[in-house]
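A short reminder: the numbers here are calculations on the coordinates, not readings from a lab. If you're wondering where the values come from, they're calculated on a predicted model, not measured in any experiment. FYI the Cβ positions are ideal-geometry reconstructions off the backbone, even for glycines, and counts take in every protein chain you see.
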Amino acid sequence: MFKLLRKLHWSIYALSFSSAVLMTGFMMLIPLLPLYADQLEFNEYEVGLIVAAFFIGRVLFQFPLGVLSDHIGRRWIMSASLLMFAITTIAYALTINTALMVTLRILQGVASSGFLVGSQSYLNDRTPVELRGLANGVMSSAINIGVIAGPILGGALSQLYSLQTPFWVGGLLGAGCFLLSLRIPEVKVKKSHQKDSKLEWKTRAGQILSSVMRLPTFSLSLVQFFQMMGLAIFLTAAPILTAEFLDWGASQIAMAFAASGISAALLSPPLGQLSDRIGRIWVMSLGLLVMALESLVVLIHPGTTLTVIAFAVGGAGAPAYFNAFYSLIGDVTRPRERGGVTGFIGSFGEWGSIIGSSLLTPIIWHNSGINAAMSLDVGVFILTLLVALAFRSQLKRVRGSDDAAC
């Protein structure tokens, strides 16, 4: 695997580093936002709006920013997003106004959307199909490192200095990533792809809609919708269930999720390489099966030790799925449509997250108990697996689509 890692273009590692730093900066803020809002005497509705505003930005802007990246280039979208992240994060430390903070959260969601869709499309543009899973694995590993490091660093900085310090550090980290992104070379697109710029806007709009409504894209959107729903239900219900039936405190819940994150960070590159070798669908299916089994163990809650082991093993399920999934998007799309398709699938999947965490879990928990919500989660992951297998014949690589310049 180390020989293959050396074949990846240096920009993949630069983007992975930026993804880790960006995720660290973002995760530093998540545990502090409620405390920061409380310090400013915001009520519970204002705090909820501040948290939700981020996801509004992600849902609304992934698709248009993906389409824009197809026309003006990935690097411009990524650089602008990183700069926006840096500015909005620093601005948190300077504002005491609710409306302004909500606006900043929306803009941070936009920045997250732009960098996500731009970097993912760039990775698929830059990397040949036989290395695509490994490249996604490297980036996924970096993201998981940021997920683990962020809350720890945010808590330490807020205790050693002030509650505003993590916002300043997160903004400065984002500014450093912005400067790094300016050095990343744009992937050259074949001249035949540049004909799109000469078409009337109605024709271009028709081509965009056609690309996102094709059966392969629709298949991936549906799979992502259900998978994100299952993941959101798990992240919402698992802490509640373990606290209620295993008497776990905050530290034990954090330990279980840390074990999951460490597993994901360590196993993500080899799982990505596995998808290059045996096929995306099979590794996606393996990841979904592992996540279903993890939810089943949490539902049964056989004891602290076995449940923590389930979290650790289940931590590999998410990168197995996501590495293969995002590589598959690169396999079935052409460069001129890749950003729009990636953004559309991402926005579609976000609705699954919103429905799972904000609608299904609270309703089922209130009416039938938290066990019923976790049972639903097992069913959702199995349904996602069946849907992925049902569309397997449609998810084949587009001939001539691989213009990677690794």
Rounded to whole Å, sorted largest first: equivalent-ellipsoid semi-axes of segment 87-133, Cα gyration tensor: 35, 8, 6
Förster radius 51 Å - calculated FRET efficiency between L359 and L4 (Cβ-Cβ, nearest 0.05): 0.75
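Enter the mean projected area of the convex hull around the alpha-carbon atoms of segment 222-355, in nm², rounded to one decimal.
Across all orientations, segment 222-355 yields a mean hull projection of 8.3 nm².
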Residue order, fewest to most beta carbons within 10 Å, for R392, R338: R392, R338
Cα Rg over Rh - segment 292-405, Kirkwood: 1.06
14 Å cut-off, amide nitrogen to a point 7 angstrom out along S368 Cα→Cβ, residues in segment 284-300: none
Modelled label reach - L266, point 7 Å along Cα→Cβ, segment 303-318 residues with backbone N closer than 14 Å: 309-317
Derived scalar couplings ³J(HN,Hα) [segment 102-110; Karplus, 6.51 cos²θ - 1.76 cosθ + 1.60; whole Hz; x for Gly, Pro]: 4, 4, 5, 5, 4, 5, 5, x, 4
The chain: relative contact order in percent, alpha carbon pairs under 8 Å with at least 6 residues between: 28
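What are the semi-axes of the equivalent ellipsoid for segment 1-152, taken as the square roots of 5 times the Cα gyration tensor eigenvalues, largest first, in whole Å?
32, 17, 11
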Computed over segment 73-157, Kirkwood Rh from alpha-carbon pairs, angstrom: 14.6
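From the mean inverse distance of alpha carbon pairs (Kirkwood) and the Cα radius of gyration, derive Rg over Rh for segment 276-346.
That ratio is 1.15, to two decimals.
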